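Report on the structure given below.
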Amino acid sequence: MEDKFLIGSHVSMKAPDFYLGSVLESLENNATTLMFYTGAPQNTKRTPIENCKIEEAIKLLKENNFDLDKLVCHAPYLINLANRTSKEKEEFSIELLTSEINRCAAFGCKLLVLHPGMRLSYPVEEALDYIVDGLNRTIENCDNDVIICIETMAGKGSEVGTTFEEISYIVKHVKNQSRIGVCLDTCHINDAGYDLSNSDALLDEFDRVIGLNYLKVIHLNDSKSIRGSRKDRHANLGKGTIGFNTLYQFAHNKRLIDIPKILETPWIGEFSPYKQEIEMLRTGKWFDIEK
Ligand code: FE
Ligand code: FE
Ligand code: ZN
């Protein structure tokens, strides 16, 4: 039963092995799912698909019984569908998201996490309408079955998507409902003011406002900041204000059994915490990470 637990982490994708390297890193951590970026999230430089060792990676994923429909890709941070300050900015985000969706599909990946955007100086309602419009136009461009998963945000700067209501407005206004979903980030919702200590009450609220059927990805992170701080600083499990037991209960809530849970906790210097954090989440026993 517990081997069905869908747990993984953000993994790197770099030369020379690219996606194959990402899969090997996940296997080394005893993960059952993973999240990757198809290139650096801060820029638009991308290795050509042919060089990414995708076929070898998918073969290895299948040999290790990974559910390919639960793998996660994260879109670059440069995309802001709410930025309508010029025609160039508007087209830039739509074109970059379109190419990332197509890249994601080429990796055989179905779930693409996207930050909803920054409202800049627009009223939030106006920004939400720009995001919906950008999503609709992007989805029309892409003939594949990638689901864009809008991530819940902490609320730093002018981030939108910091309440379930804002996320709900976006997903409900997307025309092609088969192509839209939600990624819930535990650090972000804590920092936005939500209480994670009762996982069923939180999921009831999510279901009432958005609908649990939209929930496709969980980002499982502790937070360095107190609830409602709007900071967005991830902490290792049990080293933040949410705490290990709360995150463990949340990850093992029966309503989330089919949802991939992805760690984006910080590295400790040059050392990856993921193998040990995955072990903690399997066993329910917290321990200090050993380097
Ligand atoms: Fe994110
Ligand atoms: Fe996240
Ligand atoms: Zn974050």
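The values are calculated or read from the model by the stated rules, or taken from the named source; none is laboratory data. Only a predicted model underlies this, so the values are computations on that prediction, with no experimental measurement involved. Heads up, the Cβs are rebuilt from the backbone with ideal geometry, glycines too, and the neighbour counts pull from every protein chain shown. Just so you know, the surface numbers come from the protein's heavy atoms only, side chains and all, with ligands and any DNA or RNA stripped out. Shrake-Rupley method; radii C 1.70, N 1.55, O 1.52, S 1.80 Å.
If you stretched the chain out fully between LYS291 and SER158, how much longer would it get, using 0.36 nm times the residue separation minus the C-alpha to C-alpha distance? Here the segment from LYS291 to SER158 would lengthen by 44.2 nm. Across the options LEU256, GLY269, VAL160, the greatest Cα extent toward the positive end of the charge dipole of the chain (unit charges at beta carbon of Lys, Arg, Asp, Glu) belongs to GLY269.
Report, in debye and to the nearest 20, how large the dipole of segment 1-128 comes out about its Cα centre when Lys and Arg carry +1 and Asp and Glu carry -1 on their Cβ.
Working: 14 positive and 18 negative charges, 54 e Å.
Result for segment 1-128 is approximately 260 debye, rounded to the nearest 20.
Per-atom-type breakdown for the chain gives carbon and sulfur 50% of the accessible area (1.4 Å probe, protein chains only). Each residue of segment 154-161 is assigned a 3J(HN,Hα), and the resulting list reads 6, x, 7, x, 10, 3, 9, x Hz, derived from the Karplus form 6.51 cos²θ - 1.76 cosθ + 1.60 (θ = phi - 60°), x at Gly and Pro.
Considering Cα pairs under 8 angstrom that are at least six residues apart, work out the relative contact order of segment 7-283 and quote it in whole percent. Numbers along the way, then the final one.
Values: 564 pairs, mean separation 45.9, N = 277.
Normalised by residue count, the contact order of segment 7-283 is 17 percent.
Between ASN65 and ARG255, the contour length at 0.36 nm per residue exceeds the Cα-Cα span by 66.2 nm. Residues in segment 197-213 carry Karplus couplings, in order, of 5, 10, 5, 5, 5, 5, 5, 4, 5, 4, 5, 5, 8, 10, x, 4, 4 Hz; the curve used is 6.51 cos²θ - 1.76 cosθ + 1.60 with θ = phi - 60°, and Gly or Pro positions show x. Across the options ILE189, LEU202, ASN176, the greatest Cα extent toward the positive end of the charge dipole of segment 171-291 (unit charges at beta carbon of Lys, Arg, Asp, Glu) belongs to ASN176.
Let's test the formula: R0 of 30 Å, r as the Cβ-Cβ distance of SER178 and ASP207. What FRET efficiency results, to the nearest 0.05? The value I calculate is 0.95.
What number, rounded to the nearest 500 deg cm²/dmol, is the helix-based mean residue ellipticity at 222 nm of the chain, given -39500 (n - 2.57) per DSSP H run of at least four residues and division by all its residues?
Working: 9 runs with 105 residues, N = 291.
Result for the chain: -11000 deg cm²/dmol, rounded to the nearest 500.
One chain, two ends: SER12 and ARG230. Fully extended at 0.36 nm per residue, the span grows by 75.8 nm beyond their Cα-Cα distance.
Starting from the Cα gyration tensor of the chain, take the square roots of the eigenvalues, sort them a ≥ b ≥ c, and report rounded, prolate or oblate (rounded when a/c is under 1.5, otherwise prolate if a/b is larger than b/c, else oblate). Intermediate results must be reported in sequence, preceding the final value.
Working: a/c = 1.59, a/b = 1.13, b/c = 1.41.
Cα axes put the chain in the oblate bin.
Placing +1 on the Cβ of every Lys and Arg and -1 on the Cβ of every Asp and Glu, with no other charges, gives the chain a dipole of roughly 260 debye about its Cα centre.
Computed from the C-beta positions of PHE5 and VAL124 and an R0 of 35 Å, the FRET efficiency is 0.40 to the nearest 0.05. Backbone geometry of segment 68-85 corresponds, through the Karplus equation with coefficients 6.51, -1.76 and 1.60 at θ = phi - 60°, to 3J(HN,Hα) couplings of 5, 6, 9, 6, 10, 10, 10, 6, x, 6, 6, 6, 9, 5, 8, 7, 10, 6 Hz, x marking Gly and Pro.
Just to verify a number: FRET efficiency for THR47 and ASP133, C-beta to C-beta distance, R0 = 45 Å, to 0.05?
On the way: r = 31 Å, r/R0 = 0.69.
Efficiency computed from Cβ-Cβ geometry: 0.90.
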